[in-house]
Amino acid sequence: MKALTPPLEKQLQELHLITSSLLPGNERLTFLDEEDIWNCLIMQYADPTTDSIVAKKPEHPLRFRIDISASDVCFIVQVPIEYEGKLTTTAPTFAAKGDQITRTEQEKWQEMVEDHLKQIGDS
């Protein structure tokens, strides 16, 4: 695999962790922009022997959606291009969404995400 910039390598490392370890069978991650590029990059990251696949570098910030099959809530995550894994400098943004949830429920989910991010940032 071609040399990656530190931000892109860190983003791929974290995406690989999410897709291979953290998502149980009832959750799905979908790229919202440049899906083919991100899927190719993840595949190459997971198996560096796939050098024959040439992936373009993404032109837009990483955006993905996590759906949970047993829930009306999904999460949209946007990761800045320069994100290198530090929540204190260039943190991703998270948005709780859902067609069947009220504004109050959405705000509760958003608060929960922000509280967890603060806990992670403090550690």
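Quick notes on this one:
- For segment 98-120, the set of residues classified as loosely packed, with under 15 Cβ neighbours inside 10 Å and under 19 Å from Leu62 (Cβ atoms) consists of Ile120 only.
- Here Thr104 does not qualify as among the polar types (S, T, N, Q), at negative phi and assigned to a loop (DSSP other than H, G, I, E, B).
- Candidates are the residues of segment 43-67 that are among the hydrophobic types (A, V, I, L, M, F, W, C) and in contact with a Cys (Cβ under 7 Å, 6 or more places away or on another chain); the one that is modelled with the highest pLDDT is Ile66.
- The one condition in (1) open to solvent by 100 Å² or more (accessible area, probe 1.4 Å); (2) closer than 19 Å to His116 by Cα; (3) acidic (Asp, Glu) that Glu82 fails to fulfil: (2)
- Pair list, Cβ < 9 Å and 6+ apart or interchain, from segment 13-28 residues that are among the acidic types (Asp, Glu) to residues that are modelled with pLDDT of 85 or more: Glu14/Val79; Glu14/Tyr83; Glu27/Ile66; Glu27/Asp67
The values are calculated or read from the model by the stated rules, or taken from the named source; none is laboratory data. This one's a predicted model, so the numbers in the text were calculated from it and none came from an experiment. For neighbour counting, all protein chains shown are included, and Cβ atoms are generated from backbone atoms with ideal geometry for every residue, glycine included. Please note that ligands, DNA and RNA were not included when accessible areas were found on the heavy atoms of the full protein model with its side chains. Shrake-Rupley method; radii C 1.70, N 1.55, O 1.52, S 1.80 Å.
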